[in-house]
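Asks: I have a structure here, written as structure tokens, and I will follow up with some questions on it.
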Amino acid sequence: MCPPESVSMTFRLAPSILSADFASLGEEVRAVIAAGADAIHFDVMDNHFVPNLTIGPMVCEALRPHCKRADGSKIPIDVHLMVKPVDRIVPDFAKAGADIISFHPEASDHVDRTLGLIRESGCKAGLVFNPATSLSYLDYVMDKVDLILIMSVNPGFGGQKFIPSALAKLAEAKKRIAVQVEKSGREIWLEVDGGVKADNIADIARAGADTFVAGSAIFGQSDYLATINAMRAELAKVRE
Ligand code: DX5
Ligand code: ZN
């Protein structure tokens, strides 16, 4: 039997298209997938919950056919909602082909209901934690969560610096996940978002993250394959 640590040793890279060339999104998505992306992180901002405005369900629907590997297998679209309120827009993203929908607990009056709504829509449900937001929102909903997303920057913009307190928070979230997995056997992803780069990804993985959002670190480089390979090489050190 494998040691328990090895169960969580699948690392996934989820490039955030926030830093992609918005004039060529389909091409950009195909390029990062060809370079080895495991998921496409899709940042939705409303100029209300966060001070920026981005893309919605129509763009998600337009990108869906592009989110597949060369062998035709599907690449998940990981929708990160930075909008308030949340519920109205959830079914639209589900219809548009989202696979994971995550939201910030402060943006929903009824967190349990929103998690249920996402799952009823056929998607995996995620809760997102801003740097100053307590993980106590998880206390009574761990059985309804498929993904925990720890923000390592304040949401709204790409290219910010990683906030180190996210490491302790990842470790705490990882403990909560271990307790829940023991109970249910169901997988829960632990994702990190903000300031992730090749030079800090190994420390972030050691803290417990298994899914890594990276926007500017990937799309800010001309060679996506070299950048993703450099990140994977760093992650391979964590496995050793
Ligand atoms: C920030 C977004 C991130 C953003 C990360 O609010 O949620 O997904 O794209 O960008 P980088 O990787 O550049 O910090
Ligand atoms: Zn994000």
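Asks: Have a look at S134, S102 and point out the one that is modelled with pLDDT of 95 or more and surrounded by fewer than 19 Cβ atoms within 10 Å (Cβ to Cβ).
Replies: S134
Asks: Another question about this same structure. Please determine whether any residue of the stretch 110-129 is within 14 Å of ligand 1 (Cβ to nearest atom), modelled with pLDDT of 95 or more, open to solvent by 10 Å² or more (accessible area, probe 1.4 Å) and part of a loop (DSSP other than H, G, I, E, B).
Replies: no
Asks: For the stretch 119-134, does any single residue satisfy the condition of being of a type in the set (V, I, T) and under 20 Å from F49 (Cβ atoms)?
Replies: Yes, there is a match, as at least one residue in the stretch 119-134 is of a type in the set (V, I, T) and under 20 Å from F49 (Cβ atoms).
Asks: Do the conditions hold for A217, that is, is it out of contact with any strand residue (DSSP E or B) (no Cβ under 8 Å at 6 or more places or on another chain), buried (at least 20 other Cβ atoms within 10 Å of the Cβ) and without any contact (Cβ under 8 Å) to a residue 24 or more places away in the chain?
Replies: Taking the combined requirement at face value, the residue satisfies it.
Asks: Given (1) open to solvent by less than 60 Å² (accessible area, probe 1.4 Å); (2) over 14 Å from the mean Cα position of the chain (by Cα), where does R206 come up short, assuming only one miss?
Replies: The one condition R206 does not meet is (1).
Asks: Still on this structure, I have one more. Which one of these is open to solvent by 50 Å² or more (accessible area, probe 1.4 Å) and touching a helix residue (DSSP H, G or I) at 6+ places or on another chain (Cβ under 8 Å): E182, E240, E172?
Replies: After applying the criteria, what remains is E172.
Asks: All but one of (1) open to solvent by 60 Å² or more (accessible area, probe 1.4 Å); (2) away from ligand 1 (no atom under 16 Å from the Cβ); (3) among the charged types (D, E, K, R) hold for K197, so report the exception by its number.
Replies: Status for K197: all satisfied but (2).
Asks: Out of all the residues in the stretch 39-54, which are surrounded by fewer than 18 Cβ atoms within 10 Å (Cβ to Cβ) and away from ligand 1 (no atom under 11 Å from the Cβ)?
Replies: Answer for the stretch 39-54, where residues must be surrounded by fewer than 18 Cβ atoms within 10 Å (Cβ to Cβ) and away from ligand 1 (no atom under 11 Å from the Cβ): N47, H48, L53.
Asks: For the stretch 55-96, how many residues meet the condition of being surrounded by fewer than 19 Cβ atoms within 10 Å (Cβ to Cβ), over 21 Å from D21 (Cα atoms) and among the small types (G, A, S)?
Replies: 3
Asks: Inspect the stretch 158-172 for any residue being touching a strand residue (DSSP E or B) at 6+ places or on another chain (Cβ under 8 Å), of a type in the set (K, R), under 22 Å from L18 (Cα atoms) and modelled with pLDDT of 95 or more and give the result as yes or no.
Replies: no
Asks: If the Cβ limit is 7 Å and pairs must be 6+ apart or interchain, which residue in the stretch 140-154 that is open to solvent by less than 10 Å² (accessible area, probe 1.4 Å) pairs with which residue that is more than 14 Å from ligand 1 (Cβ to nearest atom) and part of a loop (DSSP other than H, G, I, E, B)?
Replies: Listed by first residue and then by second, the contacts come to V145/I188; L147/I188; I148/I188.
Asks: Something else about it: When both residues are 6+ apart or on different chains and their Cβ atoms are under 9 Å apart, which pairs have a first residue that lies in the stretch 60-84 and is among the small types (G, A, S), and a second that is open to solvent by 50 Å² or more (accessible area, probe 1.4 Å)?
Replies: What qualifies is A70/A34.
Asks: Then there is this: List the number of the failed condition for F162; all other conditions in (1) under 24 Å from D92 (Cα atoms); (2) out of contact with any Phe, Trp or Tyr (no Cβ under 6 Å at 6 or more places or on another chain); (3) open to solvent by less than 40 Å² (accessible area, probe 1.4 Å); (4) within 15 Å of ligand 2 (Cβ to nearest atom) hold.
Replies: (1)
The values are calculated or read from the model by the stated rules, or taken from the named source; none is laboratory data. Note that the structure is predicted; figures quoted are calculated from it, not measured. Cβ coordinates were reconstructed from backbone atoms using ideal geometry, including for glycine residues, and neighbour counts include every protein chain displayed. Side chains included, ligands, DNA and RNA excluded: accessible areas come from the protein's heavy atoms. Shrake-Rupley method; radii C 1.70, N 1.55, O 1.52, S 1.80 Å.
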